[in-house]
Every structure is written in C-alpha cells, then in structure tokens.
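The structure appears right after this line, and notes come after that.
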Amino acid sequence: MKNLLKKTVLISTAGVLAATMFAGCGSGSSSSGGSSQAFDTSKSISVVTREEGSGTRDAFVELTGVLVKDGDTKTDNTTTSAVTINSTEAVITNVKDNDAAIGYISLGSLNDTVKAVKVDGVDATAENVKSGDYAISRPFNIAFKGKLNETAQDFVDYILSSDGQSIVAEEGYVSVAENEAYNGKKPSGTVKVAGSSSVSPVMEKLAEAYQKVNTNAKIEIQTSDSSAGMQAAMGGTCDIGMASRELKDEEAKELTPTTIAKDGIAVIINKSNSCETLSMDQIKSIYTGATTVWSDIIK
C-alpha cells in the first residue's frame, strides 16, 4: 500500500513538471495575460506599418534593414500587403484587436493592451535603450528655423533642464541632458509646436509642466508626423517642429535640431500570441513579406 501511494505521488509530480515545460514552449496562453486557448500559428501574419512621413517608420525600416540603400537611392521594401496606419494609438488598437497582427510603436507609448516582443533576446526597456543593448532605438528631436522667440527659447530651456529631463525619464524615455534646474525668465507668449505623433505624448507632458511654472506662456501642440513637423518649421507655420528620427539632409540645411530624448521602437503583437522574441532577421523577413505565416516563426 505504501509503495502504491509513493508511485501515485511520483506520477502526479511528473505530470505537473510536464505541464510546466509545455506551457513554457509558448503553445498555450502568453505570459502577458492572453487568451486561455492556444494561439493558432497557422494564421497569416497581419503586418501593420506607419505611413510614409512617419519618423517611427523611417527609423524602423532603416534599423531593421527593410530599407535598402544603393548610393543615393533608398528603397523601402515594406510588403505591399501591410496595413498602413497614421498614428501610434491606431497601431496599438489594430494590434490589440487582431491576434495575428504585428506592429511597431514608440516604446514610451507602450501599454498593457499589447505585448512587446524581445528583439534578439533583449527586452524593450528604457534601461536597455540607454545601455545600447536594445538595437531598435532613435532620437526624439525638435528643430527650428533661425532664432527662437523669447518664450519658445525659454520652453526649450525648460525641456533640457533637470526638471524637463526628469519628466522625459518618468514617461519611459531616456533623458539626454544633465543640466541644472529650470531658472528661466518666464516670458509671456504663445509657442506653436507641430509634428511627430511619437514625440507628442511626452511633449504634452512637458508643455503641461512648463505652463505651471510659467503661467504667462501657452504651448499649442499639433500632432501629425515627423516630415510634416519639419515642413511646418521650415515654412514658419510653427515655432518648433518635432521629429522621431534624425533630420534629413534637406531639413538640416534649414533647421537647427536639438535632441530632447532617446526612445526605443517596440515591436508589438497581440497578447494572445505565444511569440516571445524575434531576431532582427525575422523582423526584416516579416516586414518585407518573405515570412507570411506565424508557424514559420513559432516552432
């Protein structure tokens, strides 16, 4: 009787261990809280990308090798079957609502409605962006033409102060300046800021905080994309343009850029998807259309 009881306990323990190992293979629900049902890996990958003019797209395709350079010629080889979305929030919604989707967004805009995969085994975190371990990252730049008016310059000084940079870090981005606390003259006036939908969230936080310490100022933010922001700055329809990428040669000739933060680009999937990590080669393969089914990724 004692031997029979011992054998039963051993069988039960082995069953628990086997179940644990099976769950670790990603064939059930994801560790991020997805569906209790196994993800169907036979589904075609629904590729979600940003619109042309998006700084996030420009940085993503270049860093992942989707963009091919041949001398002065640049070719974006994003698959023609990709769904093109024109804002960070819309990309998140699309991936949240489609369990076969994959997209990319500003790391600072990541929330718990979707899952960020590891890239080459590295988690998408601000710490890993700062250390350089996370490969897909880019600068957040502001740019202006000529000399800024007094209020716009004071706002920029606030952004680069320890007060502004602490907000950058609190919002999940990487700070880039180590200056003293803000001690500006608090001039009056309106500052118009336009551009990137990736930069806008942190810019709104910075504007809100600045207007509390300088109640004489009003910061107006218009969200579009990086290219539109640079065009607005060059054309004089805004004081400060926002870009979630490096400035292009033609933009740099007319504008003065300043980096206010560094940001990662998170590669996101639906929370029910059992995929946990992708290599840069796999990301490139998905976005160029060479890999079209999740079973080619999830083994």
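Side notes on the structure shown:
- Residues in the stretch 148-178 that are among the polar types (S, T, N, Q), in a loop (DSSP other than H, G, I, E, B) and in contact (Cβ under 8 Å) with a residue 40 or more places away in the chain: Asn149, Ser175.
- Selected residue (only one of Lys145, Lys192, Lys205, Lys185 is in contact with a Leu (Cβ under 6 Å, 6 or more places away or on another chain), touching a residue at least 24 places away in the same chain (Cβ under 8 Å) and basic (Lys, Arg)): Lys145
- Leu10, sole failed condition from (1) assigned to a loop (DSSP other than H, G, I, E, B); (2) modelled with pLDDT under 50; (3) loosely packed, with under 11 Cβ neighbours inside 10 Å; (4) not aromatic (Phe, Trp, Tyr): (1)
- The stretch 100-111 residues that are closer than 17 Å to Pro201 by Cβ, paired with ones that are of a type in the set (Phe, Trp, Tyr) and not in a loop (DSSP other than H, G, I, E, B) (beta carbon under 7 Å, 6 or more apart): Tyr104/Phe60
- From Lys185, Lys212, Lys192, residue being out of contact with any helix residue (DSSP H, G or I) (no Cβ under 7 Å at 6 or more places or on another chain), surrounded by fewer than 17 Cβ atoms within 10 Å (Cβ to Cβ), more than 15 Å from Thr258 (Cα to Cα) and not small (Gly, Ala, Ser): Lys212
- Taken over the stretch 66-87, residues that are at pLDDT 95 or above and either closer than 25 Å to Lys43 by Cα or surrounded by fewer than 15 Cβ atoms within 10 Å (Cβ to Cβ) (or both) amount to 12.
The values are calculated or read from the model by the stated rules, or taken from the named source; none is laboratory data. Because the structure is a prediction, the values reported are computed rather than measured. Ideal geometry is used to build each Cβ from the backbone, glycine not excepted, and the neighbour counts take in all protein chains shown.
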